[in-house]
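A short write-up of the structure that comes next.
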Amino acid sequence: MTGGSIRYGIEGRVFLVTGASRGIGLAIARELVEQGVSLAICARKQEGLDEAVKLLGGREKVLAIQAHIAKEEDVERMFSEVLGRFGRLDALVNNVGMNLLTPSVADTDTVLWQKILDTNLNGTFLCSRAAARIMRQNKRGKIVTVSSIAGRRASPGMGVYGIAKAAVEMLTRVLAAELAPFNIQVNAVAPSMVRTEFSRPFWSDPAIYEQVARAIPMGRIAETTDVVHPVLFFTSDGSDFITGQTLLVDGGASAV
Ligand SMILES: NC(=O)c1ccc[n+]([C@@H]2O[C@H](COP(=O)([O-])OP(=O)(O)OC[C@H]3O[C@@H](n4cnc5c(N)ncnc54)[C@H](OP(=O)(O)O)[C@@H]3O)[C@@H](O)[C@H]2O)c1
């Protein structure tokens with residue numbers, strides 16, 4: 001399901017998608033270009049951004065900003081650049097996330113703990129705060145965060161990542177309650193395994209793939225487009241009375 005086959009009525013709106021040089025973020029960015037939005041994206045590495053800009057149709061179509069979302073000065077510069085180019089911000093998609101395989105919490109050192117929390121939680125806080133300050137003035141806006149089912153159940157090797165994603169879901173609810181009077185909706189999507197570089201070590205191993213797919217009623221892992229459309233729904237007027245929710249995008253895994 002790609003190529004603007006579903007219309008969301010968001011053409012002309014200004015979007016920032018974090019972590020959009022590859023994977024789910026890039027897939028969201030591609031669909032947003034199809035939908036005719038004014039788009040800004042970010043990532044840490046310039047080469048990845050350059051490639052993404054080419055795929056998205058060039059610098060006239062998309063503003064690419066090199067930024068580390070856990071660095072406050074980078075985040076402030078990024079939002080200033082978005083306002084400088086487009087004059088406003090209608091929707092933020094907090095897509096950045098990372099995992100480093102971790103031992104048990106009892107064996108996790110402080111540096112590793114901090115690193116995972118920095119990107120997944122602190123970075124999402126910094127971007128959401130910056131967006132909220134802009135959107136409050138406009139009395140409208142949408143913030144959507146890509147969480148993970150790892151935030152719902154304790155999974156080996158993903159303990160600290162899961163803790164960060166669980167906190168991101170609470171951040172979503174707190175922001176939703178605080179920003180509702182300003183007509184800003186804040187929601188999240190929580191996918192199970194999605195076929196990207198991030199999860200390659202798992203899906204590229206046939207034995208692991210088989211085991212994961214067996215636990216999913218739909219019998220397969222998610223493709224990036226499976227995540228794109230729920231995110232776009234949360235940025236559209238169709239979700240104006242939905243806020244503080246996390247939608248599981250898991251092929252039915254949590255239903256059984
Ligand atoms: N793939 C899955 O199975 C899966 C499942 C559930 C949830 N998720 C969540 O989905 C989101 C996207 O995952 P993905 O699989 O698409 O990941 P990915 O393929 O690793 O892509 C991550 C993107 O974020 C950028 N990025 C990473 N750290 C950053 C930082 N500190 N500041 C700015 N940009 C940064 C990366 O570019 P640079 O490296 O250049 O910065 C890249 O563009 C994450 O929140 C992840 O937790 C993924």
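All of the numbers you see were taken from the coordinates with simple rules; none came from a lab. Since the structure is predicted, the reported quantities are computational estimates derived from the model, not experimental observations. Ideal geometry is used to build each Cβ from the backbone, glycine not excepted, and the neighbour counts take in all protein chains shown.
What the table shows:
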| item | result |
| --- | --- |
| Highest average packing first - 180-191, 103-114, 198-209, Cβ atoms within 10 Å | 180-191, 198-209, 103-114 |
| Top positive-direction residue, dipole computed over segment 14-249 with Cβ charges, set Phe202, Phe15, Gly162 | Phe15 |
| Overall dimensions of segment 158-256 by Cα: Rg and Dmax, Å | 15.4, 49 |
| Using θ = phi - 60° and Karplus 6.51 cos²θ - 1.76 cosθ + 1.60, couplings along segment 73-78 (whole Hz; Gly, Pro as x) | 5, 5, 5, 4, 4, 4 |
| 13 Å beta-carbon shell around Val227, net charge (K/R +1, D/E -1) | -2 |
| Shape call, the chain: gyration tensor on alpha carbons, a/c limit 1.5 | rounded |
| Value of [θ]222 nm, deg cm²/dmol, for the chain, DSSP H segments ≥ 4, -39500 (n - 2.57) each, nearest 500 | -13000 deg cm²/dmol |
| Nearby aspartates and glutamates by direct alpha-carbon distance to Lys165 (threshold 18 angstrom, same-chain neighbours under 8 apart not counted) | Asp118, Asp250 |
| Loop GluC sites (Glu not before Pro), segment 1-93 (other Cβ atoms within 10 Å of the site Cβ: 16 or fewer; DSSP) | Glu11, Glu60 |
| Positive minus negative residues near Glu76 (Lys, Arg vs Asp, Glu; Cβ under 15 Å) | 0 |
| Note, ³J(HN,Hα) from phi for segment 245-251, Karplus 6.51, -1.76, 1.60, rounded to Hz, x at Gly and Pro | 9, 10, 8, 7, 10, 9, x |
